[in-house]
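The values are calculated or read from the model by the stated rules, or taken from the named source; none is laboratory data. Keep in mind it's a predicted model, so treat the numbers as computed, not measured. Note that we place each Cβ from the backbone using ideal geometry, even for glycine, and neighbour counts take in every protein chain shown. These accessible areas exclude ligands, DNA and RNA; they are computed on the full protein's heavy atoms, side chains included. Shrake-Rupley method; radii C 1.70, N 1.55, O 1.52, S 1.80 Å.
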Amino acid sequence: MSEIDEQLSPVGGSVKKITTNVLLQMKQNGEKISMLTAYDYSLARLVDLAGIDVILVGDSASNVMAGHETTLPITLDQMIYHASSVIRATSRSLVVVDLPFGSYQGNSKEALTSSIRIMKEAGAHAVKLEGGREVKESIDRILTAGIPVMGHLGLTPQSIYKFGTYAVRAREEEERDRLLEDAKILEETGVFGIVLEKIPAELAGEVARSISIPVIGIGAGNQVDGQVLVLHDMLGINKEFSPRFLRRYADLHDAIIESITNYITDVKLKDFPNEKEQY
Ligand code: KIV
């Protein structure tokens, strides 16, 4: 851990392994929590090395890795495959894995069975699932097996066909009040943290102040306890997706295309491999 890391991260920077207790301590100390997605060994290794607090093996793998339009098609087996690759790459970050659509909504026993598979077969540290009061019973049951659970409220992409749009959620009073209540219910049930997706910043701040567990935002402003982004979006690999909340930290789309076109040119011109690059 470098000196700058220690300064940036007074709590998280001094620990060898991030746990749910460390995240709670970070909230209590006012230290922001950093979280990014990863779905494969090579990128997860870089994310962990860079010092991220939490890696989310998100069901956004359905879009980013498999090219589906929604998160709905990804299966539990596929999530376990991605999660086990990420786990092999990780030494410091807490790895949270999404329960995919269809693996927990049936009943609480199904939710527990799916969570146990994720913990046992992938070696994950925690699971995340979408929803409020309607998944309370499932969360209760997963927690009885000693599995840490993270909640996800606001825009919940697994319900996209109910919402009909990826627009900002909870602008109206009724939905706003329900979200505040759901956050309380999740806290009381025992989740260690909640992701809030695409809701007004002021509401997200109110949620973060009203509960004692960490609240991590995506498109939810800066009054929350931490931020999460999809790695491929923030690295600029994919140019088509550019919501207002996304900050791009690199332009890998152009960098990768340029490298590949240079390679093609070198091959066609018989410049690659040269004498030093052969046996
Ligand atoms: O699947 C995912 O990447 C997520 C984030 C958007 C929070 O759930």
Expressed in nanometres to one decimal, the distance between label points 7 Å along Cα→Cβ at residue 209 and residue 121 is 4.5
For residue 235, the accessible surface traced by a 1.4 Å probe with all protein chains present amounts, in square angstrom to the nearest 10, to 40
Here the relative contact order (percent) of the chain, from C-alpha pairs under 8 Å and at least 6 apart, is 14
The FRET efficiency for residue 144 and residue 81, from their Cβ-Cβ distance with R0 = 25 Å and rounded to 0.05, is 0.40
Longest principal axis of the chain (C-alpha) makes with the long axis of helix 41-50 (C-alpha) an angle, in degrees to the nearest 10, of 70
Out of 193, 151, 123, a Gaussian network model of the chain with alpha-carbon springs under 10 Å gives the largest mean-square fluctuation to 123
Given pairs 198/239; 16/184; 17/109; 109/184 and cut-off 27 Å on Cα-Cα distance, the over-length ones are 16/184; 17/109
Taking only the alpha carbons of the chain, the radius of gyration and the largest Cα-Cα distance, Dmax, both in angstrom, are 19.9, 71
If the chain between residue 105 and residue 258 were fully extended at 0.36 nm per residue, the gain over the current Cα-Cα distance would be 50.6 nm
With all protein chains in place and a 1.4 Å probe, residue 117 shows an accessible area in Å² (nearest 10) of 70
Protection proxy (average C-beta count within 10 Å per residue), highest first, orders 17-30, 250-263 as 17-30, 250-263
Taking the chain and counting helices only, DSSP H stretches of n ≥ 4 at -39,500 (n - 2.57) each over all residues, the nearest-500 ellipticity at 222 nm comes to -12000 deg cm²/dmol
Here the percent of antiparallel bridges among DSSP beta bridges lying wholly in the chain, to the nearest 5, is 5
Computed over the chain, protein heavy atoms only, probe 1.4 angstrom, the accessible area per residue in square angstrom equals 52
The FRET efficiency for residue 15 and residue 159, from their Cβ-Cβ distance with R0 = 41 Å and rounded to 0.05, is 0.70
In terms of the charge dipole of the range 91-234, which places +1 on Lys and Arg and -1 on Asp and Glu at the beta carbon, the residue among 193, 96, 183 farthest towards the positive end is 96
Under a 1.4 Å probe, counting only protein heavy atoms, residue 101 has an accessible area in Å², nearest 10, of 90
Candidates 162, 109, 128; GNM for the chain (alpha-carbon contacts under 10 Å) flags as most fluctuating 162
With all protein chains present and a 1.4 Å probe, the order of 141, 45 from largest accessible area down is 45, 141
GNM of the chain, Cα pairs under 10 angstrom: of 181, 240, 197, the biggest fluctuation goes to 240
Sorted by accessible surface (1.4 Å probe, heavy atoms of the protein chains only), largest first, 79, 65 come out as 65, 79
